[in-house]
Amino acid sequence: MSDAARSRERPAKILVTKIGFDGHDRGSRIVAAYLRDAGMEVVYTAPWQRIETVVRLALEEDVDVIGVSSLATDHLLMPKLMAALRTAGLGHIKVVVGGIVPPGDEPALTAAGVAKIFHPGSSRDEIVGAVRVLAGQARRESFDRRMA
C-alpha cells in the first residue's frame, strides 16, 4: 500500500492542549470529546504545557492538527508556537485556537499562521468540519513535502 493510501486510511490525528498558565480545561475536554466522537484520534494533554513540549508531542505523535484552548491570553503565545513548528520542520501542521480571543488579537494570530479561530458558541459541527478539512490539508502538504 502506498504512503498516500495509508495516510488516507488513518483517522485524522489531533493534539488538544493548553499552553501557558491557563488551567481552565473544560472547553478543551469537550472539544476533544467532539473530535473523538467524530472518529478522529485525539491526543489530549494536561494544562500548562510549554511550547517545546507541544512541538515534541506533535512530532512524536505525528499529528495533523494542534488545537490550543485559551481563556486567559495564552493565545498570544501562538506566534512563538508557529515559529517553533516551522523550525522543527512541522510547518504543515495546522493550528487552531479556541476560546476567548479578542477581535483585535486575531490579525496577529492569522499572520503567524493560525488556520482557524473558534469563539465561544462555535458549534460541534463547525469545529469537527473545520478540523477534518484542515487535517486533510496538513496530510497533503506533508505528503507533497516528502515527495519533493
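The values are calculated or read from the model by the stated rules, or taken from the named source; none is laboratory data. Bear in mind the structure is a predicted one, so any value in this text is a computation, not a measurement. Glycine also receives a Cβ, built like all others from the backbone with ideal geometry; neighbour counts cover every protein chain displayed.
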* Where in the range 41-148 are there helices (runs of 4 or more DSSP H), lying fully within it, with 2 or more residues that are β-branched (Val, Ile, Thr)? -> 51-61, 124-147
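If a residue must be aliphatic (A, V, I, L, M), more than 19 Å from Arg29 (Cβ to Cβ), in contact (Cβ under 8 Å) with a residue 40 or more places away in the chain and surrounded by fewer than 24 Cβ atoms within 10 Å (Cβ to Cβ), how many such residues does the range 49-80 contain?
Residues meeting the conditions: 1.
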* To do: Would you check if there is a residue in the range 128-139 being more than 15 Å from the chain's Cα centre (by Cα) and either more than 20 Å from Asp22 (Cα to Cα) or modelled with pLDDT of 95 or more (or both)?
  => no
* Asked: What is the residue count in the range 22-40 for residues that are over 15 Å from Val133 (Cα atoms), assigned to a loop (DSSP other than H, G, I, E, B) and hydrophobic (A, V, I, L, M, F, W, C)?
  -> 0
* Taking Gly27 and the conditions (1) closer than 23 Å to Ser142 by Cβ; (2) surrounded by 15 or more Cβ atoms within 10 Å (Cβ to Cβ), which numbered condition does it fall short on, given that it satisfies the others? -> (1)
* Selection count, the range 9-21, where residues are part of a loop (DSSP other than H, G, I, E, B), surrounded by fewer than 21 Cβ atoms within 10 Å (Cβ to Cβ) and out of contact with any strand residue (DSSP E or B) (no Cβ under 6 Å at 6 or more places or on another chain) -> 3
* Asked: Taking into account only those residues within the range 83-138 that are among the polar types (S, T, N, Q) and within 26 Å of Arg36 (Cβ to Cβ), which is surrounded by the fewest Cβ atoms within 10 Å (Cβ to Cβ)?
  -> Ser123
